[in-house]
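Before any comments, here is the structure.
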Amino acid sequence: MSDWWIPAILVVALVIAGLTWRRAMAERGALLAEISRLRRQASANQAQLEAAGDELAGLAEAAFDGLVVVDRDRRIRAINAAARALLGTQEAIGRSFIEVARHHDMDDLLAAALSGSDDLDRQFFVGDRPLRARAMPLGAGARYGAVLALQDVSELQRLGRARRDFVANISHELRTPLASIRLLLDTLQGDPTPEPELMRHLIEQIAVEVDALSQLAQELLDLSQIESGQALLRLVPVRVTDLISEPVARLRPQAERKRQHIALDVPPDLTALADPEQVSRVIVNLLHNAIKFTAEGGTIGVMGARRNVTLSDSKRQGAEAGAEEVVIEVWDTGSGIAPEDLPRIFERFYRADRARGGGGTGLGLAIAKHIVEAHGGRIWAESEPGRGSVFRFTLPAA
């Protein structure tokens, strides 16, 4: 009997091997296709992660507040431009926070965030700058570290002080005339039949105090409208002599009562681009102050001239260097202004030592400053105690 089954077995084995090889190759192809798909997906995910990272980095750089991200060891992983400016550093990535900030209280705040504390909102001083700081853990149990947000609150504190000063000043300005009116009314009520001369005097004094209250209310309204942009300017070519003549005529009687001389030096052809009504208010205010703070027999002057904008002025004002402008000057031979008061005289309600006994609301120069700047000009003062003062402001030349 022959061994015919041996070739048959070999054939069957070869068929089975072929089928197994084909299945293995198919599985290998499927595996390679799956690997390729996963690679494409991973590449897409990586691109999405990079795009998300770029977006977050862009948001952080655009933020006004400083942002610092640290790891569990409080080493800086990310920091935006605002934080670098507040902390005074440029190279920070990879360095410890305490090495960069040199501020133990801030470092303690980050440590508190990493340890799960709830007290994560505090205020510090970096130099003389007040900063509000808030820390937050990243991930459950701060597994990814923590983030620190820093906000400069200098302007907020300044506005808070300005609001408190405003309330205190306006209360003082209201209290003085109201107390005077109350006293005058008590005098009238205490004497049922006062002498006609006394009654006329008391009524005149009440009228003076009422005028002071009206002036305060009007100046507050004017300042509010100017600062909010509601006071629109009507700019027209106007001769500077016309701008000056009405204020001078209006205040000359006050100067004459103090035997003061008002000198004018304005070229007749000098023309500015201005709102005549608003600029007249500036000149009235400057002349009124000059008369009030100049002794009897003194001199007050008003000058006008055309000149070219200097390079330094163009940087401060934004005007084109070499452009023509009109400079109006009001000077006096009065008591002058102390050096420490000079930088603040254009603030609302601020009155220098020389003005404390002279009344007034302390709003006139603030209003003048806003009017001049609304014209695109600038206003400033030069003075020495005992040697008088010079106030200058500029207007566009017509």
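Which residue, of SER245, SER214, SER224, is closer than 17 Å to HIS370 by Cα and out of contact with any strand residue (DSSP E or B) (no Cβ under 6 Å at 6 or more places or on another chain)?
Details: SER245 fails: closer than 17 Å to HIS370 by Cα; SER214 fails: closer than 17 Å to HIS370 by Cα.
None of the others qualify; the one that does is SER224.
Looking at ALA381, ALA338, ALA366, ALA374 in this structure, which one is within 20 Å of GLU227 (Cβ to Cβ), open to solvent by 10 Å² or more (accessible area, probe 1.4 Å), among the aliphatic types (A, V, I, L, M) and at pLDDT 85 or above? Quick ask: steps written out before the conclusion?
Values: ALA381 fails: within 20 Å of GLU227 (Cβ to Cβ); ALA338 fails: within 20 Å of GLU227 (Cβ to Cβ); ALA366 fails: open to solvent by 10 Å² or more (accessible area, probe 1.4 Å).
Among ALA381, ALA338, ALA366, ALA374, only ALA374 is within 20 Å of GLU227 (Cβ to Cβ), open to solvent by 10 Å² or more (accessible area, probe 1.4 Å), among the aliphatic types (A, V, I, L, M) and at pLDDT 85 or above.
Within region 69-128, restricting attention to residues that are hydroxyl-bearing (Ser, Thr, Tyr) and open to solvent by 30 Å² or more (accessible area, probe 1.4 Å), which residue is farthest from GLY141 (Cα to Cα)?
Initially, region 69-128 is screened for residues hydroxyl-bearing (Ser, Thr, Tyr), giving 89, 96, 115, 117.
Narrowing the set further to residues that are open to solvent by 30 Å² or more (accessible area, probe 1.4 Å) leaves 115, 117.
Details: SER115: 8, SER117: 11 Å.
For region 69-128, the residue satisfying everything is SER117.
Select from region 297-313 the residues that are assigned to a loop (DSSP other than H, G, I, E, B) and under 30 Å from SER335 (Cβ atoms) and list them in ascending order. Please lay out each step first, then the result.
Residues of region 297-313 assigned to a loop (DSSP other than H, G, I, E, B): 297-298, 309-310.
Across region 297-313, the qualifying residues are GLY297, GLY298.
Given the structure, is LEU148 at pLDDT 85 or above, in a strand (DSSP E or B) and surrounded by 12 or more Cβ atoms within 10 Å (Cβ to Cβ)?
Numbers: at pLDDT 85 or above: yes; in a strand (DSSP E or B): yes; surrounded by 12 or more Cβ atoms within 10 Å (Cβ to Cβ): yes.
Answer is yes for this residue.
Given the residues ALA113, ALA133, ALA162, which is the only one that is of a type in the set (A, V, I, L, M, F, W, C), touching a helix residue (DSSP H, G or I) at 6+ places or on another chain (Cβ under 9 Å) and not in a strand (DSSP E or B)? Before the answer, list the steps.
Numbers: ALA133 fails: not in a strand (DSSP E or B); ALA162 fails: touching a helix residue (DSSP H, G or I) at 6+ places or on another chain (Cβ under 9 Å).
Only one candidate passes the filter, namely ALA113.
Any residue in region 240-254 that is surrounded by fewer than 18 Cβ atoms within 10 Å (Cβ to Cβ) and closer than 19 Å to PHE346 by Cα?
No, region 240-254 contains no residue that is surrounded by fewer than 18 Cβ atoms within 10 Å (Cβ to Cβ) and closer than 19 Å to PHE346 by Cα.
Residues in region 179-197: is at least one aliphatic (A, V, I, L, M), within 30 Å of LEU87 (Cα to Cα), surrounded by 15 or more Cβ atoms within 10 Å (Cβ to Cβ) and in contact with a helix residue (DSSP H, G or I) (Cβ under 6 Å, 6 or more places away or on another chain)? Write out each step before concluding.
We begin by selecting, within region 179-197, every residue aliphatic (A, V, I, L, M); these are 179, 181, 183-185, 188.
Of the ones still in play, those that are also within 30 Å of LEU87 (Cα to Cα) are none.
No, region 179-197 contains no residue that is aliphatic (A, V, I, L, M), within 30 Å of LEU87 (Cα to Cα), surrounded by 15 or more Cβ atoms within 10 Å (Cβ to Cβ) and in contact with a helix residue (DSSP H, G or I) (Cβ under 6 Å, 6 or more places away or on another chain).
Go through the residues of region 266-286 one by one and say whether even a single one is more than 27 Å from ARG348 (Cα to Cα), open to solvent by less than 20 Å² (accessible area, probe 1.4 Å) and either touching a Phe, Trp or Tyr at 6+ places or on another chain (Cβ under 9 Å) or of a type outside the set (Val, Ile, Thr) (or both).
As a first pass, look at region 266-286 and keep what is more than 27 Å from ARG348 (Cα to Cα): 266-272.
Going one step further and asking which of them are open to solvent by less than 20 Å² (accessible area, probe 1.4 Å), we end up with 270, 272.
So of that shortlist, the ones also either touching a Phe, Trp or Tyr at 6+ places or on another chain (Cβ under 9 Å) or of a type outside the set (Val, Ile, Thr) (or both) come out as 270, 272.
Yes - at least one qualifying residue is present in region 266-286.
Give ARG259, ARG161, ARG175, ARG234 a once-over and let me know the one that is out of contact with any strand residue (DSSP E or B) (no Cβ under 7 Å at 6 or more places or on another chain) and on the phi > 0 side of the Ramachandran plot. Explain how you work it out, then say what you get.
Details: ARG161 fails: on the phi > 0 side of the Ramachandran plot; ARG175 fails: on the phi > 0 side of the Ramachandran plot; ARG234 fails: on the phi > 0 side of the Ramachandran plot.
The match here is ARG259.
Name the one entry in GLU173, GLU155 that is closer than 23 Å to ALA83 by Cβ and in a helix (DSSP H, G or I). So that I can check it myself, show each step before the final result.
Details: GLU173 fails: closer than 23 Å to ALA83 by Cβ.
Result of the check over GLU173, GLU155: GLU155.
Name, by its number, the condition in (1) without any contact (Cβ under 8 Å) to a residue 40 or more places away in the chain; (2) surrounded by 12 or more Cβ atoms within 10 Å (Cβ to Cβ) that does not hold for ASP165.
Tallying (1) without any contact (Cβ under 8 Å) to a residue 40 or more places away in the chain; (2) surrounded by 12 or more Cβ atoms within 10 Å (Cβ to Cβ), ASP165 fails exactly one: (1).
I'd like to know if region 289-311 contains one or more residues that are buried (at least 17 other Cβ atoms within 10 Å of the Cβ) and at pLDDT below 85.
yes
The values are calculated or read from the model by the stated rules, or taken from the named source; none is laboratory data. Just so you know, these numbers come straight off a predicted model, no measurement behind them. Note that each Cβ is placed from the backbone with ideal geometry, even for glycine, and that neighbours are counted across all protein chains shown. Ligands, DNA and RNA are excluded from the accessible area calculation, which covers all protein heavy atoms including side chains. Shrake-Rupley method; radii C 1.70, N 1.55, O 1.52, S 1.80 Å.
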